[in-house]
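Here, each number is a calculation from the coordinates, and none is a lab measurement. Keep in mind that what you see is a predicted model, and the values were worked out from it rather than measured. With ideal geometry, Cβ positions are generated from the backbone for all residues, glycine too; neighbour counts draw on all protein chains shown.
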């Protein structure tokens, strides 16, 4: 997903999510993955936000690792976990990228 001087919302529905790329330059994006399932193993989602931002919504049981480099910006893990939740240890999503004068959030509902 690429947004330059614009914005966009997208809901991804798949049983085989393996990653992708999000770019937001002077714009924003919202990606809803709550109706998706990760492929077995490690998947990677690359993000680049420059004067822009992104919101990523994942299912509560996803094992997500953030590897974000912020430069005068930030990326927050705002997931709210319920007690007794368990991760699917055989699947992992790594969100990797750079945020420059921008921001992002990782959420789950």
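Given axes a ≥ b ≥ c from the Cα gyration tensor, I'd like to know whether the chain is rounded (a/c under 1.5), prolate (a/b larger than b/c) or oblate.
Numbers: a/c = 1.87, a/b = 1.60, b/c = 1.17.
In terms of gyration-tensor shape, prolate.
For the pair region 8-41 / region 62-109, the C-alpha centres are spaced 13 Å from each other.
Multiplying the residue separation of residue 12 and residue 67 by 0.36 nm and subtracting their alpha-carbon distance yields 17.6 nm.
Applying a 10 Å radius around every beta-carbon, put 44-51, 81-88 in order of their mean neighbour count, most first. If you can, show how the numbers build up before the last one.
Values: 44-51: 19.1, 81-88: 8.5.
Listed from highest to lowest mean packing, they are 44-51, 81-88.
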